[in-house]
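The values are calculated or read from the model by the stated rules, or taken from the named source; none is laboratory data. Predicted model only: the values in this text are computed from it and were never measured. Cβ placement follows ideal geometry from the backbone for every residue including glycine, while neighbour counts extend to all protein chains displayed.
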Amino acid sequence: MARAMLDYTLDILEKVSFDASLFRKELQKALIRLQPHEIVELKIFLNKLIQNKPQLEAYLNKCVI
């Protein structure tokens, strides 16, 4: 079940990545809801995502990850 939340979060973040401010809001929600070991996987996902969408990097720096 825990993996389902992570998968859902990654799916949502990918879908809203077109809008940086919406992406930031969803990322903040994710950081509250996910377990510490899931946040490690989230960081890996985010590193891959910002390679394709560098405009998101500024918003990632504002979030405490």
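Structure data summary
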item	result
Which numbered condition Leu56 misses (of (1) surrounded by 17 or more Cβ atoms within 10 Å (Cβ to Cβ); (2) among the hydrophobic types (A, V, I, L, M, F, W, C); (3) modelled with pLDDT of 85 or more; (4) touching a helix residue (DSSP H, G or I) at 6+ places or on another chain (Cβ under 6 Å))	(3)
Residue in the range 25-53 that is surrounded by the most Cβ atoms within 10 Å (Cβ to Cβ), counting only those that are over 12 Å from Leu13 (Cα atoms) and of a type in the set (Val, Ile, Thr)	Ile39
The range 14-35 residues that are touching a residue at least 12 places away in the same chain (Cβ under 8 Å), paired with ones that are assigned to a loop (DSSP other than H, G, I, E, B) and of a type in the set (Lys, Arg) (beta carbon under 7 Å, 6 or more apart)	Ser17/Lys53
